[in-house]
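Chemist: Quick one: the structure is below, questions incoming.
The values are calculated or read from the model by the stated rules, or taken from the named source; none is laboratory data. In this text, all values refer to a predicted model and were calculated from it rather than measured experimentally. Glycine gets a Cβ as well: all are built from the backbone with ideal geometry, and neighbour counts include every protein chain shown.
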Amino acid sequence: MREGPSLEAMMDRLAAIPPEFTEGMGKAGGKKSGVKLPALVNDLLTDLGGGHITPEEVKALETSPEKKPHLEIVAILCHIYHDPALRELSVSHEKIRKFFLSRKPEELASCIDDAGIFITDPERREEICRLALNVTGMYPSGENEKRAKERLATLDSVEREKILDKTREAQKRAREIREAMLRKEAEEAASKMSRE
Amino acid sequence: MKQPVPREISERIPLMKKEWLPLYNRMGEHSHAPRWNTMCGDRLFKGDLEYVRGFAAGLESERTFTGPEPSESIIEWCESMKNRSHWFESKIAGLDLKREWHLVPLMRRSDMQSSLEYILPYDANLSRLVVNPTSGTTGHPIPAPNHPAAVGCYDPMIQYALRMNGLKSSCVGDKVAAIQVCSQQKTIVYHTVHSYLDGAGFAKINLNENEWRSPESSALYIKDMAPVFLSGDPYSFLDYIRRGIEYRPGAILSTAVTLERALREKISGYFRCPVVDMYSLNETGPVAYSCPDDPSKYHILPHDIYVEAVSETGEPLPEGEVGKIAVSGGRNPYLPLLRYLTGDRGAVSYGKCSCGETSPTLSSFEGRELVLFRSRGGGIVNSIDISGIVRSFPVYSFSFLQRADYSCILKIDAGGEMTASLANRMKDGIEALFGEGVTVEPVREKPAAGGKFRPFICEVE
């Protein structure tokens, strides 16, 4: 991995994302104006030196009501990757293409109700910027690989969902522990020669 | 044919040997033995005993304390706990522990009450869990889960602290290693033998005369058992002295509350043997023992904990500066500690002591105080008896004040499960300790934050 741009600058830039990136989503192809995601992705990839997107890829990026948050996340990522600071560092268009068509944006979407949270919420904004860097083999300037990975793991929405599942398990565990403690408090302890 | 080990004993002392039975029975059936009210054993199996022996070897050989920073082994242990405890996972993720230890959030007593399920490793098998009662001298009656093997490690630690303070006699084999002396209105009393000490005996007794067959029984029993050392809280030793019990052991081990200088001198003058004050909490196990050369200082006892003095915000303080004591590490598989605030204060310093100890030193220590209350008739009520009653109710923390006019205020912090009728039962129980003419008023109020928390205050002259 190599050092990338400043995370703070990326987050500031994302906070100022033009509203069309998310507001227009779902209207492409209709009468009203809006972001055409395949065109957006195509522009990004070609700007970064890659080839045009294929008809299959266009199909995968075409919107439908159930895919809306997922594709909005891809639109936000397009904005992030259009950052001149990143383009100067020659980010890999191949890695970005693979990432956009992977299950990751969909998994992220399954954890949220509205993709706008990746813009409005500081933690989620940090998460998506770190994720964008991580995918292209970079970590924020001033950090190291270990620190960046662990911080991303802390912010990771998908992991957080898993932790929530674990929390539900923990609640079950809490009941077990409380029951065991009550039962054992009523029983004899293990002998020790001092008291506390 | 020799008698086999009775089942009620082998259930509690799984490694009990037939040859340990004579001592066990002598302790239990002595004509002046107290009225035992429970049975108890070390609950150690073969694997546990091997663990305790391994710990004991490490206690002697791994006393390589580096300096103010946490050791490699503590950091490795924390990293390993990250995969086993939600608490560790959430508190240290993304931190470079070696460089950023000061950023690790502090663990508090209230966390143990409210978030035990997050602290306790999720793969821990609860079948071996034991809960040792606490004397409750901190005002936070935390029922801490423990494991027999971790409790078993108390023995080598106690032996180490006593030996460093000059105890020459062995505590191993066919003899009574210790008697724990209590002076309470009510407590559990039992006799047992410890496998780690190759069947040496141990008894927990209560000096309260109601527990004995005759007024002389306690003195006669202790004399005949001839324990190598006596353990107890300072008040119980004062009661021992007041009763004129003549037996003098090879050492005194004082725990539960801090042994203040005047008390130490009194106890030391009476027993004429090494007097060791051990700083130990139910949640942490033994932390430190008093230095033989300067008993106002304490040396860190186990090699597998990291003790630091921290500021209110968790910043480690420079060597010698007094702050809150935080403990990390340990060996209790049900209670891994990560910068756990003990509620006590002190300064930590490093370097070899004149006594030969190489572990860090706690100085300017402000631990739990011995506070005694008064009944109208001039009798003494031990704060441990008050704690014993409070702890049987769903109370998070409490403080108890006796005013100069003998009336008492019990401030409690509790949840909705603490109903008015339960509060009344608690009040009645405590009033009964004092007898006629002393009222106890329970008040719902969180203990004041900041500074040193004093759970017990007595204003009676």
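Chemist: Does residue B:35 satisfy the condition of being under 25 Å from residue B:190 (Cβ atoms), away from every other protein chain (no Cβ under 14 Å) and either in a helix (DSSP H, G or I) or small (Gly, Ala, Ser) (or both)?
Modeler: Details: under 25 Å from residue B:190 (Cβ atoms): yes; away from every other protein chain (no Cβ under 14 Å): yes; either in a helix (DSSP H, G or I) or small (Gly, Ala, Ser) (or both): no.
Judged against the criteria, residue B:35 is not a match.
Chemist: Shifting gears a bit: Check A:85, A:115 and return the single one that is modelled with pLDDT of 90 or more and either within 29 Å of residue B:99 (Cβ to Cβ) or assigned to a loop (DSSP other than H, G, I, E, B) (or both). Talk me through it step by step, then tell me what you get.
Modeler: Working: A:115 fails: modelled with pLDDT of 90 or more.
Criteria check complete, one pass: A:85.
Chemist: If you don't mind, another one. Tell me which helices (runs of 4 or more DSSP H) are completely within the range B:63-112 and hold 3 or more residues being under 28 Å from the mean Cα position of the chain (by Cα), or say none if there are none. Lay out the reasoning, then the answer.
Modeler: On the way: elements: B:72-81, B:86-92, B:97-100.
Filter on the range B:63-112 gives B:72-81, B:86-92.
Chemist: Same structure, new question: Name every residue in the range B:213-231 that is closer than 19 Å to residue B:32 by Cβ, within 14 Å of chain A (Cβ to nearest Cβ) and either touching a Ser or Thr at 6+ places or on another chain (Cβ under 7 Å) or touching a residue at least 60 places away in the same chain (Cβ under 8 Å) (or both), in order of residue number. Outline the logic, then answer.
Modeler: Of the residues in the range B:213-231, the ones closer than 19 Å to residue B:32 by Cβ are B:213-227, B:230.
Of the ones still in play, those that are also within 14 Å of chain A (Cβ to nearest Cβ) are B:225, B:227, B:230.
Once the filter is applied, which keeps residues that are closer than 19 Å to residue B:32 by Cβ, within 14 Å of chain A (Cβ to nearest Cβ) and either touching a Ser or Thr at 6+ places or on another chain (Cβ under 7 Å) or touching a residue at least 60 places away in the same chain (Cβ under 8 Å) (or both), the range B:213-231 yields only B:225.
Chemist: Output the residues belonging to the range B:317-344 that are of a type in the set (D, E, K, R) and touching a Ser or Thr at 6+ places or on another chain (Cβ under 8 Å). Walk me through how you get there before you give the answer.
Modeler: Restricting attention to the range B:317-344, the residues satisfying the condition of being of a type in the set (D, E, K, R) are B:319, B:321, B:324, B:331, B:339, B:344.
If the condition is that a residue be of a type in the set (D, E, K, R) and touching a Ser or Thr at 6+ places or on another chain (Cβ under 8 Å), then B:319, B:324, B:339 are the ones that fit.
Chemist: Kindly list the number of the only condition in (1) within 18 Å of the chain's Cα centre (by Cα); (2) over 29 Å from residue B:99 (Cβ atoms); (3) at pLDDT 95 or above that fails for residue B:368.
Modeler: In the conditions (1) within 18 Å of the chain's Cα centre (by Cα); (2) over 29 Å from residue B:99 (Cβ atoms); (3) at pLDDT 95 or above, residue B:368 misses (3) alone.
Chemist: Consider residue A:192 against the criteria (1) within 14 Å of the chain's Cα centre (by Cα); (2) at pLDDT 85 or above; (3) at the interface with another protein chain (Cβ under 8 Å from one of its Cβ atoms): it satisfies all of them except one. Which criterion is unmet?
Modeler: That leaves (1) as the condition not met.
Chemist: A further question follows. May I ask you to list the residues in the range B:94-146 that are over 30 Å from residue A:150 (Cβ atoms) and modelled with pLDDT under 85?
Modeler: If the condition is that a residue be over 30 Å from residue A:150 (Cβ atoms) and modelled with pLDDT under 85, then B:132, B:133, B:134, B:135, B:136, B:137, B:138, B:139, B:140, B:141, B:142, B:143 are the ones that fit.
Chemist: Testing residue B:44 on (1) modelled with pLDDT of 95 or more; (2) assigned to a helix (DSSP H, G or I); (3) within 13 Å of chain A (Cβ to nearest Cβ), one condition comes back false. Which one is that?
Modeler: For residue B:44, the exception is condition (2).
Chemist: Among the listed residues B:317, B:338, identify the single one that is in contact (Cβ under 8 Å) with a residue 24 or more places away in the chain, surrounded by fewer than 21 Cβ atoms within 10 Å (Cβ to Cβ) and more than 16 Å from residue B:154 (Cα to Cα). If you could, list the steps in order and put the result at the bottom.
Modeler: Details: B:338 fails: surrounded by fewer than 21 Cβ atoms within 10 Å (Cβ to Cβ).
From the options B:317, B:338, the qualifying one is B:317.
Chemist: Moving on. List the pairs whose first member sits in the range B:407-425 and is under 23 Å from residue B:114 (Cβ atoms), whose second member is of a type in the set (A, V, I, L, M), and whose Cβ atoms are under 6 Å apart, counting only residues at least 6 apart or on separate chains?
Modeler: As it stands, the answer is B:410/B:440; B:411/B:443; B:412/B:395; B:414/B:395, since those pairs meet every condition given.
Chemist: Go through the residues of the range A:85-98 one by one and say whether even a single one is in contact with an Asp or Glu (Cβ under 8 Å, 6 or more places away or on another chain), of a type outside the set (D, E, K, R) and within 23 Å of residue A:157 (Cα to Cα).
Modeler: Checked the range A:85-98: no residue is in contact with an Asp or Glu (Cβ under 8 Å, 6 or more places away or on another chain), of a type outside the set (D, E, K, R) and within 23 Å of residue A:157 (Cα to Cα).
Chemist: Here's something else I'd like to know. Within the range B:1-19, which residues are part of a loop (DSSP other than H, G, I, E, B), among the hydrophobic types (A, V, I, L, M, F, W, C) and modelled with pLDDT of 95 or more? So that I can check it myself, show each step before the final result.
Modeler: The initial filter retains those residues of the range B:1-19 that are part of a loop (DSSP other than H, G, I, E, B), namely B:1-6, B:11-17.
Retained after the next criterion (residues that are among the hydrophobic types (A, V, I, L, M, F, W, C)): B:1, B:5, B:13, B:15-16.
B:13, B:15, B:16 - these are the residues of the range B:1-19 that are part of a loop (DSSP other than H, G, I, E, B), among the hydrophobic types (A, V, I, L, M, F, W, C) and modelled with pLDDT of 95 or more.
Chemist: Residues that are within 18 Å of the chain's Cα centre (by Cα), touching a residue at least 60 places away in the same chain (Cβ under 8 Å) and more than 8 Å from chain A (Cβ to nearest Cβ): does the range B:122-135 have at least one?
Modeler: At the first step, the residues of the range B:122-135 found to be within 18 Å of the chain's Cα centre (by Cα) are B:129-135.
Checking which are touching a residue at least 60 places away in the same chain (Cβ under 8 Å) leaves us with B:129-130, B:132-135.
Keeping just the survivors that are more than 8 Å from chain A (Cβ to nearest Cβ) gives none.
No: zero hits.
Chemist: Working only within the range B:56-79, note down all residues that are within 14 Å of chain A (Cβ to nearest Cβ) and among the hydrophobic types (A, V, I, L, M, F, W, C).
Modeler: Quick first cut of the range B:56-79, residues within 14 Å of chain A (Cβ to nearest Cβ) only: B:75, B:78-79.
Within the range B:56-79, B:75, B:78 qualify.
Chemist: Taking interchain pairs and intrachain pairs at least six residues apart, which have beta carbon atoms under 9 angstrom, with the first residue in the range A:100-116 and within 17 Å of residue A:22 (Cβ to Cβ) and the second of a type in the set (Gly, Ala, Ser) and surrounded by fewer than 18 Cβ atoms within 10 Å (Cβ to Cβ)?
Modeler: From the range A:100-116, the pairs are A:100/A:60.
Chemist: Looking at A:95, A:192, which is the one that is in a loop (DSSP other than H, G, I, E, B) and either aromatic (Phe, Trp, Tyr) or in contact with a helix residue (DSSP H, G or I) (Cβ under 8 Å, 6 or more places away or on another chain) (or both)? Steps first, answer last, please.
Modeler: Working: A:95 fails: in a loop (DSSP other than H, G, I, E, B).
Being in a loop (DSSP other than H, G, I, E, B) and either aromatic (Phe, Trp, Tyr) or in contact with a helix residue (DSSP H, G or I) (Cβ under 8 Å, 6 or more places away or on another chain) (or both) holds for just one of A:95, A:192, which is A:192.
Chemist: Next question. Against the condition in contact with a helix residue (DSSP H, G or I) (Cβ under 8 Å, 6 or more places away or on another chain), over 20 Å from residue A:194 (Cα atoms) and either modelled with pLDDT of 95 or more or not hydroxyl-bearing (Ser, Thr, Tyr) (or both), how does residue B:209 come out, does it pass?
Modeler: Yes.
For (1) in a strand (DSSP E or B); (2) at pLDDT 95 or above; (3) farther than 30 Å from residue B:294 by Cα, each residue gets a yes or a no:
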{"residue": "B:357", "(1), (2), (3)": "no, yes, no"}
{"residue": "B:411", "(1), (2), (3)": "yes, no, yes"}
{"residue": "B:437", "(1), (2), (3)": "no, no, yes"}
{"residue": "B:443", "(1), (2), (3)": "yes, no, yes"}
{"residue": "B:450", "(1), (2), (3)": "no, no, no"}
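Chemist: So, one more: Is there a residue being closer than 24 Å to residue B:380 by Cα, more than 22 Å from the chain's Cα centre (by Cα), modelled with pLDDT of 95 or more and acidic (Asp, Glu) anywhere in the range B:218-229?
Modeler: The answer is no, given that none of the residues of the range B:218-229 is closer than 24 Å to residue B:380 by Cα, more than 22 Å from the chain's Cα centre (by Cα), modelled with pLDDT of 95 or more and acidic (Asp, Glu).
Chemist: Can you run down the residue pairs with Cβ atoms below 7 Å, 6 or more apart or on separate chains, where the first is in the range B:194-210 and on the phi > 0 side of the Ramachandran plot and the partner is buried (at least 22 other Cβ atoms within 10 Å of the Cβ)?
Modeler: Close Cβ pairs satisfying both conditions: B:199/B:20; B:199/B:193.
Chemist: Among residues belonging to the range B:234-263 that are farther than 12 Å from residue B:275 by Cα and within 14 Å of another protein chain (Cβ to nearest Cβ), point out the one that is surrounded by the most Cβ atoms within 10 Å (Cβ to Cβ).
Modeler: Result: B:256.
Chemist: Something else about it: Which is more than 28 Å from residue B:120 (Cα to Cα) and at pLDDT below 90, of A:124, A:183?
Modeler: Numbers: A:183 fails: more than 28 Å from residue B:120 (Cα to Cα).
On inspection, the qualifying residue turns out to be A:124.
Chemist: With the structure loaded, tell me whether residue B:365 is assigned to a strand (DSSP E or B), in contact with a Gly (Cβ under 8 Å, 6 or more places away or on another chain) and closer than 30 Å to residue B:291 by Cα or whether it fails that test.
Modeler: Numbers: assigned to a strand (DSSP E or B): yes; in contact with a Gly (Cβ under 8 Å, 6 or more places away or on another chain): yes; closer than 30 Å to residue B:291 by Cα: yes.
In short, yes.
Chemist: Something else now. Just checking, which of A:132, A:148 is within 22 Å of residue A:91 (Cα to Cα), in contact with a strand residue (DSSP E or B) (Cβ under 6 Å, 6 or more places away or on another chain), of a type in the set (Gly, Ala, Ser) and crowded, with 20+ Cβ neighbours inside 10 Å?
Modeler: Numbers: A:132 fails: in contact with a strand residue (DSSP E or B) (Cβ under 6 Å, 6 or more places away or on another chain).
Checking each option against the conditions leaves just A:148.
Chemist: Further question: Cβ-Cβ under 7 Å, sequence separation 6+ or interchain: first residue in the range B:343-369 and without any contact (Cβ under 8 Å) to a residue 40 or more places away in the chain, partner charged (D, E, K, R). Which pairs?
Modeler: Correct list of pairs: B:347/B:321; B:349/B:319.
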